[in-house]
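To start, the structure under review is shown below, and the notes come after it.
The values are calculated or read from the model by the stated rules, or taken from the named source; none is laboratory data. Everything numeric in this text was worked out from a predicted model, so none of it was measured. Quick reminder, even Gly has a Cβ in these numbers, built from the backbone with ideal geometry, and neighbours come from all protein chains shown.
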Amino acid sequence: MDYREELKQLRETLAEHGYRYYVLDDPTISDFEYDRLNRRLEELEAEHPEEITPDSPTQRIGGKILEGFQPYAHEVPLESLQDVFDGDEVADFCGRMDEALGGTVEYSVEPKVDGLSVALEYRDGVFVRGATRGDGRVGEDVTENLKTIRSIPMVLPEKLPRLIVRGEVYMSRAVFEEINAQREVEGKALMANPRNAAAGSLRQLDPKICAERKLDIQIFNLQLAEGREFASHAETLDYLRAQRFKVIPYGTFTGTAAVQAEIDRINDERMEYPFDIDGAVVKVNRLTDRAKLGSTAKCPKWAVAYKYPPEKKPSRLIDIVVQVGRTGVLTPKAVLEPVRLAGTTVTNATLHNQDYITEKDIRIGDTVIVQKAGEIIPEIVEVDFTKRPEGTTPYLLPECCPVCGAPAVRDEDGAALRCAGAECPAQLLRNITHFASRSAMDIEHLGPAVVQQLVESGLIANVADLYSLTAEPVAQLDRMGAKSAENLIKAIEKSKGNDLGKLIFGLGIRQVGEKAAKTLAMHFKTMDALMAATEEELTEINDVGAITARCIVDYLASDQSRDLIDRLKAAGVNMASTAELVDERFAGMTFVLTGTLERFDRKTAQAMIEERGGKAAGSVSKKTTYVVAGEAAGSKLKKALELGIPVLTEDEFADLLK
């Protein structure tokens, strides 16, 4: 078969199976077979790069990291909706429509997805551009990130000259929970809710990060269709479904009673949708009626959004239990008598922290009012003091970690209580994953999944145990095998020779980031010298403030920490640093690198700045000393010019280094 014909067939086959998997949720081949076809397409395109097309399935994830997003003017404004909050307001809206249009009106009623609104533009049936809503008239061009959403078709069956559709990008509840579980293992801050997670993901400058977030979309409106005419909104949605879009579920109804009944049905079944909803949208169905009604300065007159109030119910607080998260934070959890909320049975609720409990005066035995925050996490919003039983006492979190017994210390901002134990079992996965990360001990092949297997199998209980592992038991783990186990053991052995700075960072001392760890290693030279340092000595070092100094001293004074360091030393892990400051000419200076540097790679340039006492930051601010701008410098260069920050060329930067 001619390679051009094979390319064509592969693209069509992959597009068909992608549509069945991501839109219809009805796959007809295995993931393995799909990946095999995709691999063959990648091989052919690598052999014939001139044949790569923008709509190829391989082009969904761009390799280029963007400097920023360009503005996009919406040809058809993305209007917002007027909110209504009860049945009377729905009846008023329907009454106005009937009166204005002179008869009984037909409406479309749809769930209102709680996500981020976008417009997708197609030319001759090919996806060319996509943008966020912005202010409704001007948004941001996020085309590369939208390409990573697998349910957005790259090519349409009908090749209209131009087509613009509007949809809501969201993160499903299942993906949200999966990502937060992974972030907890890695010790990262948890995402607040699916809507914020979707919005933040779609505005990532690296499309590959956006792709990892597994976003999805529901199309709910046809904005423009050159060469096509439609009589009703329902007809446009049916047409878009035929064009292989994932279209919002809808129904058409006449009369206020039928509309309200559908609003109530959606509310009753809201947890059955894979996405969060915060209401229902009621729209006049006939397009000629919409044209007659028009819009106000902000909203169409022919639609409203019914906003569901958070459901609240009383329950009795049976107990308060304290959980220790993988970042060491002690989190109080309320144990409740079962109560039905938003379609699920709730038996637990978050209490956030001690300040939250004290402010609301929440006590065991109280009757409390519970609601779901963001449709996901139940929380206690108030106490019914009229039902408080006699003899209750204010609740205080424990002073020691309930898991390991180490002291529990308050964060500097006073919000969270955190276990100070270096070997606390509750923090085990996070600690080991961080220790093995590239910026720390850089142990190749030791990702979160392998760490979890090692812990669950009982092979390791802390980072020191890594250095007593042997290949044979590791090879018995799921998906490891002899070769993979051997490679892991070699990587662990190699990490023993790392500089002290990487070890200090790997220990996960609070407030000590990668740069501070390097600075400490260069200053003290040995772990023993660092362990003997006082707070006063530490605060004399550039980049180490009073809070950081206290965290370092507290960590290194702990029996658990000292035992861990002794075990690492006994295993042969390097406890000294050979890194030195070249000089301190950049002391107190902050550099930002932007654009493509030809003479330096980013990591080398950052290291050279740090070796001369300076900082390399990721964003421009008033505190920035210099911006080093390479080719195709974007928003960072623009901001530097606006703030009057000096901008250096690569040659000028090199002169400073001499």
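Key figures
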| read-out | value |
| --- | --- |
| Positions within the stretch 423-444 being assigned to a loop (DSSP other than H, G, I, E, B), surrounded by 17 or more Cβ atoms within 10 Å (Cβ to Cβ) and modelled with pLDDT of 90 or more, in sequence order | SER437, ALA440, MET441, ILE443 |
| Of all residues in the stretch 300-311 being outside any loop (DSSP other than H, G, I, E, B) and under 28 Å from the mean Cα position of the chain (by Cα), the one that is surrounded by the most Cβ atoms within 10 Å (Cβ to Cβ) | ALA305 |
| Selection count, the stretch 1-41, where residues are modelled with pLDDT of 70 or more and part of a helix (DSSP H, G or I) | 26 |
| Odd one out for TYR107 among (1) of a type outside the set (S, T, N, Q); (2) assigned to a helix (DSSP H, G or I); (3) modelled with pLDDT of 95 or more | (2) |
| Selection count where residues are assigned to a helix (DSSP H, G or I), of a type outside the set (S, T, N, Q) and under 19 Å from ARG567 (Cα atoms), scope the stretch 452-470 | 7 |
| Members of the stretch 570-592 found to be in a loop (DSSP other than H, G, I, E, B) and either within 23 Å of LYS639 (Cα to Cα) or among the acidic types (Asp, Glu) (or both), listed by number | GLU580, ASP583, GLU584, PHE586, GLY588, MET589 |
| Complete set of residues in the stretch 574-592 that are surrounded by 14 or more Cβ atoms within 10 Å (Cβ to Cβ) and closer than 18 Å to THR625 by Cβ | LEU581, PHE586, MET589, THR590, PHE591, VAL592 |
| Failed item in (1) buried (at least 16 other Cβ atoms within 10 Å of the Cβ); (2) out of contact with any Ser or Thr (no Cβ under 8 Å at 6 or more places or on another chain); (3) of a type in the set (A, V, I, L, M, F, W, C), with ILE489 passing the rest | (2) |
| Residues located in the stretch 223-235, provided they are outside any loop (DSSP other than H, G, I, E, B) and surrounded by fewer than 22 Cβ atoms within 10 Å (Cβ to Cβ) | GLN223, LEU224, ALA225, SER232, ALA234, GLU235 |
| Residue check for LEU205: surrounded by fewer than 19 Cβ atoms within 10 Å (Cβ to Cβ), of a type in the set (A, V, I, L, M, F, W, C), out of contact with any helix residue (DSSP H, G or I) (no Cβ under 7 Å at 6 or more places or on another chain) and at pLDDT 90 or above | no |
| Among the candidates ALA616, ALA640, ALA632, residue that is within 22 Å of ASP655 (Cα to Cα) and at pLDDT below 80 | ALA632 |
| Some residue of the stretch 571-580 being in contact with a helix residue (DSSP H, G or I) (Cβ under 8 Å, 6 or more places away or on another chain) and at pLDDT below 90 | yes |
| Residue identified as among the aliphatic types (A, V, I, L, M) and under 22 Å from the mean Cα position of the chain (by Cα) among ALA242, ALA199, ALA231, ALA257 | ALA199 |
| Condition check for LYS159: closer than 27 Å to ALA15 by Cα and buried (at least 18 other Cβ atoms within 10 Å of the Cβ) | no |
| Which listed residue, of TYR273, TYR250, is closer than 15 Å to TYR107 by Cβ and either in contact (Cβ under 8 Å) with a residue 40 or more places away in the chain or small (Gly, Ala, Ser) (or both) | TYR250 |
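For (1) of a type in the set (Val, Ile, Thr); (2) under 36 Å from the mean Cα position of the chain (by Cα); (3) surrounded by 18 or more Cβ atoms within 10 Å (Cβ to Cβ), each residue gets a yes or a no:
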| residue | (1), (2), (3) |
| --- | --- |
| HIS523 | no, no, yes |
| VAL544 | yes, yes, yes |
| ASP554 | no, yes, no |
| ALA557 | no, yes, no |
| LEU568 | no, yes, yes |
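Residue by residue, here is whether (1) among the acidic types (Asp, Glu); (2) surrounded by 16 or more Cβ atoms within 10 Å (Cβ to Cβ); (3) in a strand (DSSP E or B); (4) not assigned by TED's automatic domain parsing to the domain that holds GLU99 holds:
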position	(1), (2), (3), (4)
ALA297	no, no, no, no
ALA334	no, yes, yes, yes
PRO338	no, no, yes, yes
VAL346	no, yes, yes, yes
ALA349	no, yes, yes, yes
VAL370	no, yes, yes, yes
